[in-house]
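The values are calculated or read from the model by the stated rules, or taken from the named source; none is laboratory data. These numbers come from a predicted model, not from an experiment. Every residue, glycine as well, gets a Cβ built from its backbone with ideal geometry; the counts of neighbours run over all protein chains shown.
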């Protein structure tokens, strides 16, 4: 039994309509949306990655990674200066000790951030991820010093929170970047190419 022509056209139109609608609902997100959706503080992520709309609207994951690295570097550099300033005026020996340790953590974070740029540029995203985690951990470790007895308000909470969130954003980006492994060239067996005579 043949299908009437008017029914097959309506089915075709329906299928085309459903296909177009599904494309609207399931269209891929922008890199900023994709990254920020995967972080714990999506609002912070959108704010910092949206702070330069002309740059971020067209940026891919690599460019967003470099932006986050640059911002994390500024946070860590400014925090180190703040730590030096606070240390010079502090009287409490425990505070001085904790600030000194935070200075070490922020020094380590700066080292990790500098290495992160190299890993990003070389496509070594696994190592980038490790360094992003280290940046995140350094911020958390500094903040944790002030939670030890006797607990007191950390003078670096804002910096620690920001650096921790930048570390997390960079971890997300490194997980989204395509994984590449270095495969050294294989030695060719020249003897197999020889023709015996």
Scanning the range 74-94 for residues that are at pLDDT below 95 and in a helix (DSSP H, G or I), which turns out nearest to the chain's Cα centre (by Cα)?
94
Looking at (1) under 23 Å from residue 34 (Cβ atoms); (2) not in a helix (DSSP H, G or I), find the lone condition where residue 71 falls short.
(2)
When you look at residue 9, is it modelled with pLDDT of 50 or more and part of a helix (DSSP H, G or I), yes or no?
yes
Taking the range 24-46 and the residues there that are loosely packed, with under 12 Cβ neighbours inside 10 Å and modelled with pLDDT of 95 or more, the one that is nearest to residue 176 (Cα to Cα) would be 40
Could you list, in sequence order, all residues of the range 138-154 that are out of contact with any helix residue (DSSP H, G or I) (no Cβ under 7 Å at 6 or more places or on another chain) and outside any helix (DSSP H, G or I)?
147, 148, 149, 150, 151, 152, 153
What do you reckon, is residue 115 under 20 Å from residue 176 (Cα atoms), surrounded by 14 or more Cβ atoms within 10 Å (Cβ to Cβ) and within 19 Å of the chain's Cα centre (by Cα)?
yes
Of everything in the range 47-67 that's free of Cβ contacts under 8 Å to residues at least 12 places away in the same chain and either surrounded by 17 or more Cβ atoms within 10 Å (Cβ to Cβ) or more than 21 Å from residue 115 (Cβ to Cβ) (or both), which residue is farthest from the chain's Cα centre (by Cα)?
54
